[in-house]
Amino acid sequence: MLKKFLNLWRKYNFIVILLPIVLSQQTLAEGSKRLLVLGDSISAGYGVSVDRQWTHILQRKLDSSGKDLRIVNVSLPGETTGGGLSRIPSLLKFHSPDYLLIELGGNDALRGYPVDKIKFNLTEICKKAEKQNVKIILMKIRIPPNYGRNYMQAFEAIYTEVAKELNIQLVPFMLNNVALDSDLMFPDGIHPNEKAQPLIAEDIFKWAQSL
């Protein structure tokens with residue numbers, strides 16, 4: 001009896017968890033364009049309440065301006081280009097996005113991953129999206145010079161190279177106007193705080209509304 005009850009309980013809870021996801025996809029499917037955000041903790045809103053993260057602020061700005069574009073944020077804290085590459089096939093299949101914003105590479109650099117490997121991963125992510133006729137937006141990631149000037153320059157050059165080789169849109173790093181202002185960053189100096197979220201949303205809104 002107990003085993004039967006537990007099986008029913010698990011089945012019921014699975015349905016409860018799955019139902020909002022299914023309903024969300026049905027809602028998005030009704031004519032709305034979708035922008036899939038594939039990023040790390042910066043896009044996942046590290047340390048910031050959900051409704052105050054830049055992705056949610058951006059969605060409200062798009063809605064208020066009459067733009068029919070839905071933001072689907074699948075970013076994960078600690079995500080690397082390798083992690084993004086392993087997830088992208090299932091994400092493309094499940095969400096069927098029209099656009100893909102890639103904000104990855106920072107964690108690779110933090111761990112000192114080889115530049116060639118990072119470039120390969122980003123290129124493969126883009127190619128898999130292109131096969132699904134998804135328009136790609138690649139965000140240029142910047143890292144502090146304390147990583148070593150040679151590594152920093154080689155790393156940052158990846159994004160220009162990939163964008164040029166695949167003829168995809170390259171957009172500036174979202175922290176360009178944030179990272180050097182301590183009032184806009186958490187004490188770790190890596191993650192933008194709540195004050196920075198509207199500024200990030202505003203910068204991304206400038207090109208996102210054209211989608």
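The values are calculated or read from the model by the stated rules, or taken from the named source; none is laboratory data. What you see is a predicted model, and the numbers here were worked out from it, not measured in a lab. Don't worry about glycine lacking a Cβ; one is built from the backbone with ideal geometry, like all the others, and counts go over all protein chains shown.
Of all the residues in segment 94-113, those that are of a type in the set (D, E, K, R), within 14 Å of A208 (Cβ to Cβ) and crowded, with 23+ Cβ neighbours inside 10 Å number 1. Scanning segment 174-190 for residues that are outside any helix (DSSP H, G or I) and surrounded by fewer than 20 Cβ atoms within 10 Å (Cβ to Cβ) yields a count of 11. In segment 47-62, the count of residues that are in the same structural domain as N193 (by TED's automatic domain parsing), modelled with pLDDT of 95 or more, crowded, with 22+ Cβ neighbours inside 10 Å and not in a helix (DSSP H, G or I) is one or more.
For segment 81-93, the candidate set comprises residues that are under 21 Å from K140 (Cβ atoms) and in contact (Cβ under 8 Å) with a residue 40 or more places away in the chain; within that set, the residue that is surrounded by the fewest Cβ atoms within 10 Å (Cβ to Cβ) is L85. Taken over segment 175-211, the criterion of being of a type in the set (V, I, T) and under 12 Å from Y46 (Cβ atoms) is satisfied by I190 alone. When D68 is tested against (1) surrounded by fewer than 22 Cβ atoms within 10 Å (Cβ to Cβ); (2) at pLDDT 95 or above; (3) touching a Gly at 6+ places or on another chain (Cβ under 9 Å), only condition (2) is not met. Of the residues screened, L100 is not one that is in contact with a Phe, Trp or Tyr (Cβ under 8 Å, 6 or more places away or on another chain) and either within 16 Å of S32 (Cβ to Cβ) or among the basic types (K, R) (or both).
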